[in-house]
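To start, the structure itself, in C-alpha cells.
Quick note: the coordinates plus some simple rules give every number you see, no bench work behind them. What you see is a predicted model, and the numbers here were worked out from it, not measured in a lab. Here the Cβ positions follow ideal geometry from the backbone for every residue, glycine too, while neighbour counts run over all protein chains shown.
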Amino acid sequence: MMKQVEVLADKNALIQRSLELVVEKLQAAVAERGIFTIALSGGSTPRPLYEALAQQDLPWDKVHIFWGDERYVPLSHPDSNEGMARAAWLDRVPIPAANIHPMPTNEPDPAIAAQKHEQELQQFFHIPSGVFPAMDMVLLGMGDDGHTASLFPHTQALEVADRLITVGNKDGQPRITFTAPLINHARCVLFIVAGASKQPALTAVFAPEGDAAIYPSRLIQPQGELWWLLDQAAAQNLPS
Ligand code: 6PG
C-alpha cells in the first residue's frame, strides 16, 4: 500500500487538489484500460468537487459511476447521495445513463437491495461470488465519529468480510454500503476530509494503535494507493 497524506491550506485548495487527482487517475485509467470506475462518497464535503468535475471536458462515455454508500431513501429525497451527485455533476455532463450504477433503495428489505447491488457489480465486473473487483477509485469522506462510507462504529457491517455490499446502520437508519474488503481492493482510495470537527477522529484514525470498531476509517488499508487530502483545520493536531 502506498499512503500519501497532503494538507491543503483550506477547503477550496483541498477541492482543487482532489479535482486534479481524480482527473489524473481518470485519464490514466482510460489510457491504460479504456475505462474508469469510480465509487462516490456522499455527505457535504464532495459536492464542490462534483460541481468542478461537471466543468471538465473528459471522456464521459468511458466513466462508470458507483456509490460507496447510500442512504435508504428514494432518489428524490434530500438525503440521497445519488440525488446530490446527479444535481451537482452527472446531470450536467454527457455521461450515458447506462454508465451510472446507483445503489437500489426501493426494496422493502435493505438486505435484498444489498444483494441485488452485489449481483450488479458481479455482472459488471464479470466476477463470481467470493471475488472482489478492483474499482479504479473509491472516494471517501470521514464522519466526526471516524466512520466512512456507511461503516459506522460498533455496527455489524464492520465485520462483513465475504461480501461486496452490505447493510449499514446509522442510529437505526438503514444504509447500503461497500464493505471494507471491497474498498480495500480498490486501485486507489481517496479520502477528502475538511473542517476542525474531523480533527479528533483523524488523530485516532492516524494513531499507530487503535480500535477500528470505534474508528472504522482505520479499516481502510487498501492494497493500492491510499490518499488522504486534508485541510489545515482538520489536520491541525496530526503529528507532522
Ligand atoms: C454519507 C457519506 C459519509 C460521509 C461522511 C462525511 O453517506 O454520509 O458517504 O461517509 O462521507 O459522513 O460527511 P461530510 O462530508 O458531510 O462531513
Per the filter on the range 62-90, residues closer than 25 Å to Val167 by Cα and part of a loop (DSSP other than H, G, I, E, B) are Gly68, Tyr72, Val73, Pro74, Leu75, Ser76, His77, Pro78, Asp79, Ser80
- Message: Looking at the structure I just gave you, is Pro59 within 16 Å of the ligand (Cβ to nearest atom) and over 16 Å from the mean Cα position of the chain (by Cα)?
- Response: no
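Using the structure shown, decide if Arg71 is in contact (Cβ under 8 Å) with a residue 24 or more places away in the chain and basic (Lys, Arg). If you could, list the steps in order and put the result at the bottom.
Details: in contact (Cβ under 8 Å) with a residue 24 or more places away in the chain: yes; basic (Lys, Arg): yes.
Spelling it out, Arg71 is indeed in contact (Cβ under 8 Å) with a residue 24 or more places away in the chain and basic (Lys, Arg).
Can you pull out the residues in the range 47-61 that are touching a Phe, Trp or Tyr at 6+ places or on another chain (Cβ under 6 Å) and part of a helix (DSSP H, G or I)? Walk me through it before giving the result.
Residues of the range 47-61 that are touching a Phe, Trp or Tyr at 6+ places or on another chain (Cβ under 6 Å), as a first pass: 50, 53-54.
Passing the criteria: Tyr50, Leu53.
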Note on the range 190-219: residues surrounded by 15 or more Cβ atoms within 10 Å (Cβ to Cβ) and hydroxyl-bearing (Ser, Thr, Tyr) are Thr203, Tyr215, Ser217
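Considering each residue of the range 125-150, count those that are closer than 29 Å to Glu20 by Cα and more than 8 Å from the ligand (Cβ to nearest atom), and give that number.
Step one: list which residues in the range 125-150 are closer than 29 Å to Glu20 by Cα, which gives 125, 132-150.
Narrowing the set further to residues that are more than 8 Å from the ligand (Cβ to nearest atom) leaves 125, 132-139, 145-146.
Going through the range 125-150 one residue at a time, the tally reaches 11.
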Expected output for the range 185-210 (first residue among the polar types (S, T, N, Q), partner part of a helix (DSSP H, G or I) and more than 9 Å from the ligand (Cβ to nearest atom), Cβ below 9 Å, 6+ apart or cross-chain) is Ser197/Ala233; Ser197/Ala234; Gln199/Ala233; Gln199/Ala234; Gln199/Ala235
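Select, from Ala161, Ala157, Ala149, the only residue that is under 23 Å from Val73 (Cβ atoms) and either without any contact (Cβ under 8 Å) to a residue 40 or more places away in the chain or surrounded by fewer than 21 Cβ atoms within 10 Å (Cβ to Cβ) (or both). First the steps, then the outcome.
Details: Ala161 fails: under 23 Å from Val73 (Cβ atoms); Ala149 fails: either without any contact (Cβ under 8 Å) to a residue 40 or more places away in the chain or surrounded by fewer than 21 Cβ atoms within 10 Å (Cβ to Cβ) (or both).
Result of the check over Ala161, Ala157, Ala149: Ala157.
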With criteria (1) over 30 Å from Asp171 (Cβ atoms); (2) within 16 Å of the ligand (Cβ to nearest atom); (3) in contact with a strand residue (DSSP E or B) (Cβ under 7 Å, 6 or more places away or on another chain), Ala52 comes up short on (3)
Over the range 28-49, the set of residues crowded, with 17+ Cβ neighbours inside 10 Å and more than 8 Å from the ligand (Cβ to nearest atom) is Ala29, Val30, Phe36, Thr37, Ile38, Ala39, Leu40, Pro48, Leu49
Taking the range 1-24 and keeping only residues that are in contact (Cβ under 8 Å) with a residue 12 or more places away in the chain and acidic (Asp, Glu), one is left with Glu6, Asp10
Q: State whether the residues of the range 85-106 include one that is away from the ligand (no atom under 12 Å from the Cβ), more than 30 Å from Ala28 (Cβ to Cβ) and either free of Cβ contacts under 8 Å to residues at least 12 places away in the same chain or over 19 Å from the mean Cα position of the chain (by Cα) (or both).
A: yes
Exception for Leu14 within (1) crowded, with 19+ Cβ neighbours inside 10 Å; (2) over 15 Å from the mean Cα position of the chain (by Cα); (3) in a loop (DSSP other than H, G, I, E, B) falls at (3)
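Among the helices (runs of 4 or more DSSP H) lying completely within the range 170-240, list those that include at least 3 residues that are over 15 Å from Glu6 (Cβ atoms) and within 16 Å of the ligand (Cβ to nearest atom). Lay out the reasoning, then the answer.
Working: elements: 180-184, 199-206, 232-235.
Hits in the range 170-240: 180-184, 199-206.
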